[in-house]
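What follows draws every value from the coordinates through simple rules; no lab data is involved. Computed from a predicted model, the values in this text were never measured in an experiment. Virtual Cβ from ideal backbone geometry, glycine too; neighbours counted across all protein chains shown.
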Amino acid sequence: MIDVVAVVGNPRPGGRTTRVAQAVAARVAALGSGEVETIELADHAARMFDPSDPALGEVTTRVAGADVAVLASPTYKASFTGLLKAFLDRYTGDGLAGVVAVPVMLGGSPAHSLAPDTQLRPVLVELGAVVPTRSVYVVDTEMDRLEETLDRWWSGAEAVLRGCSVSLPPPMKILVTGGAGFVGSHTVVELLEAGHEVTILDDFSNSERSVVDRIGRITGKRPAVVEGDIRNPSALDSAVAGGYDAVFHFAARKSVAESVEEPLLYYQVNVTGTVNLLDAMSRHGVRTIVFSSSCTVYGDPQELPVTEDHPFGPAANPYGRTKQMMEHALMDLAAADPSWRIASLRYFNPVGAHPSGLIGEDPRGVPDNLMPYVTRVAAGRLPELRIFGNDYPTPDGTGVRDYVHVVDLARGHLAALDYVVGSSGYHAWNLGTGQGSSVLELVETFQRVTGRTVPYRFAPRRPGDVAATWADPSKAERELGWKAKHDLADMCRDAWRWESSR
Ligand SMILES: NC(=O)c1ccc[n+]([C@@H]2O[C@H](COP(=O)([O-])OP(=O)(O)OC[C@H]3O[C@@H](n4cnc5c(N)ncnc54)[C@H](O)[C@@H]3O)[C@@H](O)[C@H]2O)c1
């Protein structure tokens, strides 16, 4: 039984905040067939500061009898911080197994609603120190998609709340190279939210320093940062000396076109840099690594969907070759010393952005990848999209890829970490949805969900592009319990929110 009390601050009775709180509470209660009780506190922001208010005494009594409290309020005018502070002041420290904080952002703009975040975050952190806490942000203009928002949140929160007697694995100390970049930053958010201690090692050659602050705004915890270049062995040696349990290795150059023009840069960063890192890890006794690989290792796939057993094809460019070389290096390392625990994650096409709109893909110069190009055209920053090839043997002639939401991808890294810490040797998993979408499907979905127009024209095929590729992600589902949850519409919506909130 999990009995849940939902405390709703500043509501119109039965209004949106109450509906959100009840939807969250119902999910939690369903874990243990418990009951939900709702307490609505009208105008609580004004009342919270009056300790003699009898309504607050009643709340305290009813919360004390529940297993989980859901605290929901608009973020507007410090209403939410007022609710949390009042709760913290009165919480006596027994009874509750978990709290779900539900800030409801007014006006639909995360940027606007997160403005009081500087006040909200410390209180959330304090609350989390008192009793396990997960937060779910809901934007009030997206009420028609409330269940989708809750699905996203649920995948992270369920483990914390399940059974109300959660034994989470102990937090780990993790070094994340390239943690300020696109996939790295989203993974750092998930790691911090799961309670791990994170240090980012990045030279900011393809990311902004402000990403670190924005990660702090999302999670309430600012990761430590070491500014350094993985090509520099002594910088790596001192970075890795920090007593880490595991390394997540994202730092790399990733542009196919640039790799053709500047192959040595790719061999220096992606190959020498990775070897330097493995060498430093070996010296300091850190033998657990989660490595960013890519579906490019398969080359032009001979069979679809692509399984992990598909042989590495001839790489079409130096970038792809560096990923193949590093996978071979990792396999050799595990064969030579079975105490290594290695996860190689073969990403398909990561797109989308964090639903807060605070972090996302931000390539320098003209984007190489489709989604940031599409969002920039939609925002008027670029005149039109060029679609390379409409004569491929695909249903509409344009290239087909397996787009995967970056938050799903980030969660795949945590699932892989959980797996490898309990095993040894080298393991590879595809991270994709298992669904192929053509360029035109992506553009049409983007236009439909955002209401923006994306002018495009067809251009000749690009050398090195394959016609179609999509993953068989069943190994990750079977072994890691990981499955992508977001569809193409979510990816487009979140990518656009990120683009338009900047
Ligand atoms: N985004 C994709 O489409 C995709 C697909 C498959 C695999 N990958 C791989 O995933 C990883 C992360 O990709 P991403 O999209 O987040 O890229 P990104 O460029 O956004 O992030 C890479 C980060 O590494 C940093 N970096 C680059 N060179 C460095 C160096 N010499 N020393 C220290 N830091 C350095 C950059 O500043 C950046 O913050 C890469 O290894 C990439 O090859 C990406």
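Scalar couplings 3J(HN,Hα) for segment 384-397, obtained by applying the Karplus form with A = 6.51, B = -1.76, C = 1.60 to θ = phi - 60°, are 7, 8, 9, 9, 7, x, 10, 10, 6, x, 10, x, 10, x Hz; x denotes Gly and Pro. Over the chain, what relative contact order in percent results from Cα pairs under 8 Å that are six or more residues apart? Dividing the mean separation by the residue count of the chain yields 12 percent.
Charges at C-beta only: +1 for Lys and Arg, -1 for Asp and Glu. How large is the resulting dipole of segment 328-473 about its Cα centre, in Debye rounded to 20?
Working: 13 positive and 15 negative charges, 96 e Å.
For segment 328-473, the charge dipole is close to 460 debye.
Between the C-alpha center of segment 323-377 and that of segment 249-320 there is a gap of 9 Å. Straightening the chain between Arg462 and Glu477 buys 2.1 nm, computed as 0.36 nm per residue apart minus the Cα-Cα spacing. The Glu384 and Asp332 beta-carbon pair, evaluated with R₀ = 56 Å, returns a calculated FRET efficiency of approximately 0.75. Once R0 is set to 51 Å, what does the formula 1/(1 + (r/R0)^6) return for the Cβ-Cβ distance between Thr92 and Ser424, expressed as a FRET efficiency to the nearest 0.05? Calculated value: 0.65. Between Asp144 and Arg217, the FRET efficiency from the beta-carbon distance, with R0 = 22 Å, is close to 0.25. Taking other residues whose beta carbon is less than 11 angstrom from the beta carbon of Ala235, and scoring Lys, Arg as +1 and Asp, Glu as -1, yields -3. In plain terms, the chain from Glu197 to Glu126 could stretch by 23.9 nm, reckoned as 0.36 nm per residue minus the Cα-Cα distance. Panel values: the chain, Kirkwood radius from alpha carbon pairs, Stokes-Einstein at 4 °C and 1.567 mPa s, translational diffusion coefficient 54 µm²/s. Applying a threshold of 28 Å to the alpha-carbon distances of Lys173/Lys323; Lys221/Lys475; Lys85/Lys485; Lys221/Lys323; Lys85/Lys173 flags Lys221/Lys475; Lys85/Lys485; Lys221/Lys323; Lys85/Lys173 as lying beyond it.
Sort Cys492, Cys295 so that the residue with the fewest other Cβ atoms within 10 Å of its own Cβ comes first and the one with the most comes last. Please report the intermediate quantities before stating the final value.
Values: Cys492 27, Cys295 24.
With the sparsest Cβ surroundings first, the list reads Cys295, Cys492.
Roughly how many debye, to the nearest 20, is the charge dipole of segment 173-500 about its Cα centre, given +1 on each Lys and Arg Cβ, -1 on each Asp and Glu Cβ, and no other charges? Write down the numbers at each step before the final one.
Working: 32 positive and 41 negative charges, 120 e Å.
It works out to roughly 580 debye.
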